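Here is the structure we will look at, set down as structure tokens.
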Amino acid sequence: MEFAELIKTPRVDGVVLHRPFMPIVEGTLCLTGHHLILSSRQDNTEELWLLHSNIDSIEKRFVGSLGSIIVKCKDLRVIQLDIPGMEECLNIASSVEALSTLDSISLMYPFFYRPMFKVIEDGWNSFLPEDAFKDLESITDEWRLSEVNKDFSVCSSYPPLVAVPKDVDDDALRKVATFRHGGRFPVISYYHRKNGMVMMRAGQPLTGTNGRRCKEDEKLINATLRLGKRGYIIDTRTLNVAQQAKARGGGFESEANYPQWRRIHKNIERSNVLQESLIKLVEACNDQSHSMDRWLSKLEASSWQTHIKEILTTACLAAQCIDREGASVLVHGTEGTDSTLQVTSLAQIILDPACRTIRGFQGLVEREWLQAGHPFQQRCAQSAYSNSKPRQEAPVFLLFLDCVWQILRQFPCSFEFSESFLVMLFEHAYASQFGTFLGNSAAERAKLLLPEKTVSLWSWVNRPQELERLTNPLYESNSLVIWPSVAPQSLLLWEGVFLRWNRSSKCLDEAYEEMVHIIEYNKELQNKVNSLRRQLAQLETEDPLLQTP
């Protein structure tokens, strides 16, 4: 298919762009296969370059011969384009609707994008499973790297290489895969250096109403237990939901077959509930007409902060079992690709200081989201504004990033990255020139040949100038476990995402610049103090009479 077939009117002059808290711009609107561009001849005016894939929905309005298009974006921006001429307006609207809803992944912009920057490090090779395993191998010999899934036939949502207990062979893994939802047999997610405890993740066991069991599954997860120790199975569903799953062939681990494991049920909502919550939250944030009481009521009705609290509470529980109870943990929900990954990745943020660095966090996203089979293509197909009926869309990754921001806000000096880094990841998960978040699994990415045909987001992020922009100026390395508060007064609305386009950022930008200035000035003074101390020490060694009493 040629993009030109979908572009009825490629260019319109005299288009006026309205954006919140920015000056009105008049210029020429151009449509390409992947971008909506508005450029002006006015000096010091920023051009608008908007990816079609970032457009969630559009609305058309007409007053006489003047048409307006309201463009609502997946990054929650809302802009208005005033287009002279009804026909031009209708043509632009229909073209944008068609170009923003292309089904074929291979027609998306990452396959056409050519970087304007020099690629210093190929991000596709930065976080390979075999490299992560070398780190594990350096501290324990109880695990091995299995190639049982090298052709993705055992589990379509797992990577080709997975770390499993050394005592469990590949034949046993194949049997366990038939007993777990989607073939997602238990694999290691995290090894706690302090006490050797591990966190594993999996899909639900397919026990069904007949109480089916799998000896190989029992052996696999028991292989992670220390002698005389119990483990914890954290099921992200309520007991009622887990019991209902039995009727559909799913289920949970029974105490009779897993006597060394204690099962704990939590209540993290499924994707359709989360999508509805996001829509209500954004609607509340965009409504400027209400009184404070009514606005707070709408915010509470969205239940977004309730989801944040539930996810963080479950992650804290997993971390507590590992660090304080000295017990291994298995986490699963139904599929093991949504709430499971939220819990395992947040638990690592709490427990592992390496995950709080820029590079460590990239590795966490690769390991626990991309390689672990979170279906980004499905979950991020729509954001909060889409008019079409939600299919499998859900802000699972956005909720995870929000939880990380909550912890970052409570421990502002313990993270090497700033809020900007988290906002950037949110944006690229929904629409990007990079191929990192395309596809739903490692198998799909391999089939699409993404490493050969697209550029990795990490190639861009890991350039010195970009790292400098994303670094937290308050960062001081903290090797301790950090325990976030989940009290209602501790969890705030993430204004940097949800109110970003609804208010001017001028004051916040000025405050940030002042903070950076104070930090730099403090460093200068500290260097002067250290220099004077060295001079004093030098003088004291040269003249004993100057020695301080």
If you check LEU525, LEU508, LEU480, LEU539, which single one turns out to be open to solvent by 80 Å² or more (accessible area, probe 1.4 Å), farther than 30 Å from TYR385 by Cα and either outside the structural domain of GLN305 (by the TED database) or among the small types (Gly, Ala, Ser) (or both)? LEU539
Please specify each residue of the range 339-369 satisfying the condition of being under 19 Å from GLN406 (Cβ atoms) and within 12 Å of the chain's Cα centre (by Cα). LEU341, GLN342, SER345, LEU346, PHE361, LEU364, VAL365, GLU368, TRP369
VAL497 passes all but one of the listed conditions (1) farther than 30 Å from LEU317 by Cα; (2) among the β-branched types (Val, Ile, Thr); (3) surrounded by 13 or more Cβ atoms within 10 Å (Cβ to Cβ); the exception is number (1)
Subset tally (residues that are assigned to a loop (DSSP other than H, G, I, E, B) and of a type in the set (D, E, K, R)) for the range 412-466: 2
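Within the range 316-331, can one find any residue that is at positive phi and of a type outside the set (A, V, I, L, M, F, W, C)?
Scanning the range 316-331 turns up at least one residue that is at positive phi and of a type outside the set (A, V, I, L, M, F, W, C).
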Of residues in the range 66-118 being in a strand (DSSP E or B) and either of a type in the set (Phe, Trp, Tyr) or surrounded by fewer than 15 Cβ atoms within 10 Å (Cβ to Cβ) (or both), the one modelled with the highest pLDDT: PRO84
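Given the criteria over 21 Å from ARG262 (Cα atoms) and outside any loop (DSSP other than H, G, I, E, B), does ILE322 qualify?
no
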Would you please name the residue that is nearest to LEU220 (Cα to Cα), looking only at residues in the range 161-176 that are open to solvent by 10 Å² or more (accessible area, probe 1.4 Å) and assigned to a helix (DSSP H, G or I)? ALA172
Number of positions in the range 456-473 that are open to solvent by less than 20 Å² (accessible area, probe 1.4 Å) and not polar (S, T, N, Q): 5
Can you name the strands (runs of 3 or more DSSP E) wholly within the range 10-63 that have at least 3 residues being in contact with a helix residue (DSSP H, G or I) (Cβ under 7 Å, 6 or more places away or on another chain)? 55-63
For the structure I just gave you, tell me whether GLN489 is more than 20 Å from the chain's Cα centre (by Cα), at pLDDT below 95, outside the structural domain of GLN348 (by the TED database) and more than 30 Å from ASP56 (Cβ to Cβ). no
Out of the range 65-94, which residues are more than 15 Å from GLY14 (Cβ to Cβ) and in contact with a helix residue (DSSP H, G or I) (Cβ under 9 Å, 6 or more places away or on another chain)? VAL71, CYS73, LYS74, ASP75, LEU76, ARG77, VAL78, SER94
Going by what's in this entry, would LYS309 be described as open to solvent by 20 Å² or more (accessible area, probe 1.4 Å), closer than 22 Å to GLU218 by Cα and in contact (Cβ under 8 Å) with a residue 24 or more places away in the chain? no
Any idea which of GLN362, GLN392, GLN382, GLN348 is open to solvent by less than 20 Å² (accessible area, probe 1.4 Å), of a type outside the set (Gly, Ala, Ser) and at pLDDT below 95? GLN382
Hits in the range 193-204 (condition: open to solvent by less than 10 Å² (accessible area, probe 1.4 Å) and closer than 16 Å to ARG367 by Cα): VAL198, MET199, MET200, ALA202
Return the total of residues in the range 451-504 being farther than 29 Å from ILE79 by Cβ and of a type in the set (A, V, I, L, M, F, W, C). 10
Spot the failing condition for GLU283; the list is (1) touching a Lys or Arg at 6+ places or on another chain (Cβ under 9 Å); (2) assigned to a strand (DSSP E or B), and only one is missed. (2)
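The values are calculated or read from the model by the stated rules, or taken from the named source; none is laboratory data. These numbers come from a predicted model, not from an experiment. Heads up, the Cβs are rebuilt from the backbone with ideal geometry, glycines too, and the neighbour counts pull from every protein chain shown. Areas reflect the complete protein model, heavy atoms only, side chains present, ligands, DNA and RNA absent. Shrake-Rupley method; radii C 1.70, N 1.55, O 1.52, S 1.80 Å.
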